[in-house]
Amino acid sequence: DFALLEHQASRGIDFLVALNLTAPMDLARRALPLLKAAPAALIVNIGSVFGAIGYPGNAVYSATKFGLRGFSEALRRELADTTVSVLYLAPRAVRTPLNSAAVNELNVRLGNAVDDPAMVAGNIVRIITRAGGDATFGWPEKMFVRLNAVLPGIVDGAIGSKLSLIKTYAMRNKGKEYA
């Protein structure tokens, strides 16, 4: 989905919303009767740092992860009087085959850390087994998430200083669509 919004196809937008937002919401809804009947249950939604920091070239992806974060927060509050807990976990960039060559090259050019999937999975398991709360993975990303919440203009400036480079790489995906 790494492309400027004006170059994304409608069906790509629909696909990301369905995959990253509608599907987790519907799955949680369908599972709630079973989860509420259990002595204890946990819903874990995997978001992204981009669910707290809107990022150029990832407007739709960011929007879906912002939505998933809001859904998780609201559902946790809705279920506060039950035995069902809800976590929202937000990894930073993860090395997966889903990343396009443009994303991988941009991460290298920007000096962004990209985590191994096994390490991310280990972090998720640790948080779950220690009954931790919502978490953002990675430094300095965790700091930028907090900074963006209270002083978004500073993050705007930091990202803005790299915007031309980000747009150059995002343009490499122009016209690519989801099947």
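Oblate is the label for region 13-60. Its Cα gyration tensor axes, ordered a ≥ b ≥ c, give a/c of at least 1.5 and b/c at or above a/b. In a simple Cβ point-charge model (Lys, Arg +1; Asp, Glu -1; nothing else charged), region 80-179 has a dipole of about 320 debye relative to its Cα centre. Other residues whose C-beta falls under 10 angstrom from the C-beta of PRO56 contribute a net charge of +2, scoring Lys and Arg +1 and Asp and Glu -1.
Each peptide in 149-155, 81-87 gets a packing score, the mean of other Cβ atoms within 10 Å over its residues, and the list from highest to lowest is 81-87, 149-155. For ILE43, the residues whose amide H sits under 5 Å from its own are SER85, VAL86, LEU87, ignoring neighbours fewer than 5 places away on the same chain, with H placed 1.01 Å from N. Packing, as the average of other Cβ atoms within 10 Å across residues, places the peptides 166-173, 96-103 in the order 166-173, 96-103, highest first. The residues packed around ILE43, meaning those with a beta-carbon under 15 Å from its beta-carbon, carry a net charge of +2 if Lys and Arg are +1 and Asp and Glu are -1.
3J(HN,Hα) couplings calculated from phi for region 112-128 with the Karplus curve 6.51 cos²θ - 1.76 cosθ + 1.60 (θ = phi - 60°) are, in sequence order, 6, 6, 10, 8, 6, x, 5, 5, 4, 4, x, 4, 4, 4, 4, 5, 5 Hz; Gly and Pro show x.
Per-residue ellipticity at 222 nm, computed for the chain from helices alone with -39500 (n - 2.57) per DSSP H run of at least four residues, works out to -16000 deg cm²/dmol. By the compact-protein rule of thumb, 2.2 N^0.38 Å, the alpha-carbon radius of gyration of region 1-151 corresponds to a ratio of 1.09. Which of the listed residues, GLY70, SER10, ILE53, is farthest toward the dipole's positive end in region 1-127, when Lys, Arg count +1 and Asp, Glu count -1 at the beta-carbon? Projecting each Cα onto the dipole axis, the largest value belongs to GLY70. Around the Cα centre of region 1-130, unit charges on the Cβ atoms of Lys, Arg, Asp and Glu (plus for the first two, minus for the last two) sum to a dipole of about 340 debye. For region 40-97, the Cα-based Rg and Dmax, in that order, read 12.9, 40 Å. Would you look at the GNM of the chain, springs on alpha carbons closer than 10 Å, and say which of PHE66, PHE15, PHE50 moves the most? In the Gaussian network model the winner is PHE15.
Between ALA118 and PHE15, the simple label model (points 7 Å from Cα in the Cβ direction) yields a spacing of 3.0 nm.
Hey, quick one: spin label on GLU73, modelled 7 Å out along Cα-Cβ, who in region 87-129 has an amide N within reach, i.e. under 16 Å? From region 87-129, the list is 87-90. Using heavy atoms of the protein chains and a probe of 1.4 Å, the accessible area assigned to ARG11 is about 130 Å². For the chain, the relative contact order comes to 31 percent (Cα pairs under 8 Å, sequence separation of at least 6).
Using the Cβ of ALA18 as centre and a radius below 11 Å, the other residues enclosed give a net charge of -1, where K and R count +1 and D and E count -1.
The values are calculated or read from the model by the stated rules, or taken from the named source; none is laboratory data. Remember, predicted model here, so these are calculated numbers, not experimental data. Heads up, the Cβs are rebuilt from the backbone with ideal geometry, glycines too, and the neighbour counts pull from every protein chain shown. Heavy atoms of the whole protein, side chains included, go into the accessibility calculation; ligands, DNA and RNA do not. Shrake-Rupley method; radii C 1.70, N 1.55, O 1.52, S 1.80 Å.
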